[in-house]
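These notes are about the structure you will find just below.
The values are calculated or read from the model by the stated rules, or taken from the named source; none is laboratory data. Remember, predicted model here, so these are calculated numbers, not experimental data. Using ideal geometry, Cβ is built from the backbone for each residue, glycine included, and neighbour counts are taken over all protein chains shown. Note: accessible area is taken over every heavy atom of the protein model, side chains too, but ligands, DNA and RNA are not part of it. Shrake-Rupley method; radii C 1.70, N 1.55, O 1.52, S 1.80 Å.
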Amino acid sequence: MLDRRHFMVTAAATASSLPAMAQSTAVAASGAASGAASGAASGAADQAGWKDGLAHPIPYTPALGTGKQRALVLGGGGAYLASWMVGYFNALKAHGIDAAKADIVVGTSAGSFVGAVLTGGHLWSFHGKLAVLGDFPKLFAHLVPTTAPNPSQIRARHLANSASEASTAVIQEIGRAAMAARNPAGPSEYFTTVKRLIGEVAWPSAKLHTTAVDCYTGERVIVSQGSNIPVNHACAASSSLPGSMGPTWLGNRLCMDGGISQSSTHADVVAGAKKVLIVSLTDGGPQWLKVGLRASGLPNTLQQEIKALEAGGAEVKLRVAGLLPGVSAIDSIMDPKYIAPCLHEGYRRGLADVAEMKSFWNG
């Protein structure tokens, strides 16, 4: 792991290399998008013979939570939710409740980052890195550029935000726009940025599973230790938000954010577990898009996932970050100005939950 000083130096070096690489990356991405556009409708059929073991329809079968006591589901929500989760889990751990004791963890987008550092035993170090980025927002902006989007980025973001159904065709259309977007942190760079953030390349634990979506076929992709993919690549793909960063190669699949799906949590992956703790940016309702707490307009099946888990005998606890106290809307879940207040609010909420979580998680 990198210490605070080393992280600042290496992060700055990575940031300085991104603009020079962006143009060549965009050419490759737009070329891939051109090919996808001509045959995306038959993409899944074209790959019917693939045996990479990455594509897993919803619901996941066979259920990975079967026979397991504790499951942890970490949803997507940018730097905003990542910071909130880190604060929350640090508060719990300070009072003897260790979320890393989960028998299975599934992370999507921001949740993949937190899942990686949690299962790797580096939660506190990651807290330090987030604190640095909150204190130095210009460094964050260089690592994960969030300003002045170009037309190709605007197109991809618009398609994701305006989507009203999670059909394969709609997801493929978003995927084509994702591949054609000229992002400064693109397919050849973003996984390096992620490595700087999580400090991991080797898969931290067999417990961890990350999600992504194949840009071409629209299929859900699940990555685990047995996939033989570096964890920074898996987390990069899981958080490759269309029109912002990535997309990222997972083997022979160019993939985008796992939240560009009917689910931003993918809790079906842990079906069969006795206890399930889900941490989500919202409760899944469509109203959150209007206040900036959704990365896409796609319908969200979180509540259905919870009902299905409970019908299978699981005890489920949902923790929703929601809006910060006194805030009615946010401009971007990637804005570093929210890092410090979200770390603080997550910690406060964790302290409030100590008694309940001690009974639920440790019992």
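Couple of notes before you dig in:
- Maximal additional length on extending the Lys337-Val201 stretch stands at 46.2 nm, based on 0.36 nm per residue less the C-alpha distance.
- Calculated FRET efficiency for the pair Thr61/Ser188, C-beta based, R₀ 35 Å, to 0.05: 0.50
- Shape category assigned to the stretch 127-231 from the gyration tensor of Cα positions, a/c cut at 1.5: oblate
- Shape call, the stretch 235-297: gyration tensor on alpha carbons, a/c limit 1.5: oblate
- The chain: calculated mean residue ellipticity at 222 nm from DSSP helix runs of at least 4, using -39500 (n - 2.57): -14000 deg cm²/dmol
- The modelled label-to-label distance for the pair Lys93/Gln69, using points 7 Å beyond Cα in the direction of Cβ, is 2.0 nm.
- Label selected from (1) 36; (2) 45; (3) 30, the criterion being percent of Cα pairs over 30 Å apart as computed here: (3)
- In order along the stretch 230-245, the Karplus-derived 3J(HN,Hα) couplings, from 6.51 cos²θ - 1.76 cosθ + 1.60 at θ = phi - 60°, round to x, 5, 5, 5, 5, 5, 5, 4, 4, 10, 6, 5, x, x, 10, 8 Hz, and Gly and Pro are given as x.
- Note on the stretch 308-356: Kirkwood radius taken over Cα pairs, Stokes-Einstein applied at 4 °C and 1.567 mPa s, translational D equal to 99 µm² s⁻¹.
- The overall shape of the stretch 72-161, judged from the alpha-carbon gyration tensor, is oblate: a/c is not under 1.5, and a/b is no greater than b/c.
- Percent of beta bridges antiparallel (DSSP, the chain, rounded to nearest 5): 40
- Using a probe radius of 1.4 angstrom, the carbon and sulfur fraction of the accessible surface of the chain is 56%.
- Between Gln304 and Val291, the simple spin-label model (points 7 angstrom out along Cα→Cβ) gives 2.5 nm.
- Using C-alpha pairs below 8 Å separated by at least 6 residues, the relative contact order for the chain is 28 percent.
- Peptides 131-142, 275-286 ordered by packing proxy, namely the average of other Cβ atoms within 10 Å per residue, highest first: 275-286, 131-142.
- Across all Cα atoms of the stretch 284-332, the radius of gyration (one decimal) and Dmax (whole number) stand at 13.3, 39 Å.
- In nm, spacing of pseudo-spin labels at Phe136 and Glu165 (7 Å Cα→C-beta vector): 4.9
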